[in-house]
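Throughout, read-outs are computed from the coordinates displayed, never taken from laboratory work. The structure presented is a predicted model; accordingly, all values stated were derived computationally and were not measured. Using ideal geometry, Cβ is built from the backbone for each residue, glycine included, and neighbour counts are taken over all protein chains shown.
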Amino acid sequence: MSKPIPEYELDIFTPEAVIDARTVDDALREFAPVVRLADGTHMLGRHEHVAAGLLDWKAFSSASRPWHDPTSPRPEILLTDDPPRHTQVRKVIADALSPRALERVKGIFEARAKELLSRLRDREGEPVDAVGEVTQAYVFQVLPDILGLPEEGREHMHGFSEMVWATMGPPGALFDQAMQHDYSAVIQWLETQCERSALDPEGIGETIYAAADSGQVTQTEAKLLLQTVLSAGADTTFITMANALRAWALFPEEYVKLRSDPKKVRSAFDESLRWDSPSRMAGRITMRDVEIDDYVIPAGTRCGLMFAAANRDPRFWDNPHAYRFDRDNKHSLGWGYGVHGCVGRTLAQMEATALLGEIVAQVESIEIAGDYEPWMTTVGHGPIRQLVKLKFT
């Protein structure tokens, strides 16, 4: 006999909950292996169950996620597909963002990183925003560069981020607040600047469109895939890099060790992804009854698989709240798992290796210089502003 799944009375998506998301999500994880929210969504927060759910796409389908609105401005492709269609579409992005394909733009990442560090060196000792003036500024420049987007309108990158992430969670105060903004200019920019005719023919965006020429996807799907990379490749990357800077300030002994072994920058980036994941959860729907310990989630139930809480689960991780860049992270869920594992992983790691590598080479120490200001979205998580002071060598 299965036990009734416990009701969870706390609303984990209020502004107050988002501000304290680490504590809120960890408390849910410890309450029970699976809980039922007031709207009927079931949440899983323990590493064992989240990892298994991400791996089993036949049981946990992506086709009908909780709070999913098919009329939202978010590109509706890839993340909302299951195999075999997902496999076919994913291959287009995987080829466009393969290590071999990205090698030709590696120099762009490195050059932009050096330019940014040169500007930051002129402000040594002053408070700078680790997000807006460092990691976000970098990603919002290099990502459109390598995709081949025109310079015009790139200021809409931030609005696009807000628009996309606001639609991922449930209706509520934060959703209503985001939807009060007029996103018409952002949508117009997406529609025009992501057209094939607007792109640099040498950019990766053209590679995505070329897949339509060979019949792998349609022209419309190619455009959606380009918009997906522009969205998914931006926010989680700059948030994770900002978290790396926060971690290096909060755990200075780790930064000293890293500077003595700079080839571990990629590992340090991966650990920041585990330590404070930029996405709280992924949505799924059960296609059959699923057993979770002594509970059974019925078929047809919309679920949230909680990446961030699972990445801090003390049942799996030793001292999970500590940042240790030499930790074995092969079972971290920050990149996702299974067929929906992050297809842009190589891109994100190449961006991070260039920028964070340049910081490690030039910056002797990092100091927190202001309060952490959280990114106020229900599903996205991390700092939207974090003042730091950089001491250069």
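Applying 1/(1 + (r/R0)^6) with r as the Cβ-Cβ distance of GLU364 and ARG104 and R0 = 41 angstrom yields a FRET efficiency of 0.80. Packing, as the average of other Cβ atoms within 10 Å across residues, places the peptides 340-347, 277-284, 133-140, 248-255 in the order 277-284, 133-140, 340-347, 248-255, highest first.
In the stretch 349-367, whose amide N lies under 16 Å from the spot 7 Å out along Cα-to-Cβ of VAL256? List them in ranges. 364-367, by backbone N distance to the label point.
Scaled to the globular estimate 2.2 N^0.38 Å, the Cα spread of the chain, given as radius of gyration, is 0.96. Here the stretch 136-264 is treated as a Stokes sphere of Kirkwood radius computed over C-alpha pairs; at 10 °C and 1.306 mPa s its diffusion coefficient rounds to 95 µm²/s.
In this structure, the pairs whose alpha-carbon distance is over 27 Å, taken from LYS91/LYS114; LYS58/LYS264; LYS264/LYS389; LYS223/LYS263, are LYS91/LYS114; LYS58/LYS264; LYS223/LYS263. Were the residues from LYS91 through ALA63 laid out at 0.36 nm apart, the gain over their Cα-Cα distance would be 8.2 nm.
Peptides 29-41, 171-183, 111-123, ordered by how many other C-beta atoms sit within 10 Å of their residues on average, highest first, read 29-41, 111-123, 171-183. Length gained on full extension, SER184 to THR23: 54.4 nm, using 0.36 nm per residue less the C-alpha separation. Just check the stretch 32-187 against the gyration tensor rule for me: Cα atoms, a ≥ b ≥ c as the square roots of the eigenvalues, rounded for a/c under 1.5, and otherwise prolate or oblate depending on whether a/b exceeds b/c. Cα axes put the stretch 32-187 in the prolate bin.
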